[in-house]
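First the structure, in the form of structure tokens, and then the observations on it.
The values are calculated or read from the model by the stated rules, or taken from the named source; none is laboratory data. Since the model is a prediction, treat every value here as computed from it, not as a measurement. For neighbour counting, all protein chains shown are included, and Cβ atoms are generated from backbone atoms with ideal geometry for every residue, glycine included. For accessibility, only protein heavy atoms count, side chains too; no ligands or nucleic acids. Shrake-Rupley method; radii C 1.70, N 1.55, O 1.52, S 1.80 Å.
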Amino acid sequence: LRPSIADRAERIQSFLRGEKTATPSCAERLLDSKVFQGLIGSLIGCNAMIIGLETDFPEWPHWDLLEKMFVLCFLFELVARYHASGFASFFSPNSPEICWNLFDTVVVTLGCLDVFVLSGFSSGR
């Protein structure tokens, strides 16, 4: 059965208000799992190593591809956390994660600008 338009509208409004359900969703359980947190931590560490290697070996032609892959992974994680918590909860000043949420949003946004927008200007297009 497909949900009615009114049901969909109510879910969207609840999402924008940041209302949580009584039980965590599958996405919330995944995002809060130690495995997922470890994976994201490992990605951050690998990204730092890649940045160091790129500095030492700038002539390797595949750095841009690796950088795009990392930015896409971090963007996916940010959007998933944003979707799981809802707009109002994600940016709520009362959230215990507000500083990290803002920091992650700024870093990922700047990474997306660098990789997908500004790289077009520097490549002579």
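Quick look at the numbers
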item: Single condition A9 does not satisfy, out of (1) more than 28 Å from V71 (Cβ to Cβ); (2) of a type in the set (A, V, I, L, M); (3) at pLDDT 85 or above; result: (3)
item: Residue within the stretch 107-122 that is in contact with a Leu (Cβ under 7 Å, 6 or more places away or on another chain) and either of a type in the set (V, I, T) or surrounded by 14 or more Cβ atoms within 10 Å (Cβ to Cβ) (or both) present; result: yes
item: Pairs, first under 12 Å from L75 (Cβ atoms) in the stretch 103-118, second basic (K, R) and open to solvent by 30 Å² or more (accessible area, probe 1.4 Å), C-beta under 7 Å, six or more apart; result: V115/K68
item: Flag if E67 is charged (D, E, K, R) and touching a residue at least 40 places away in the same chain (Cβ under 8 Å); result: yes
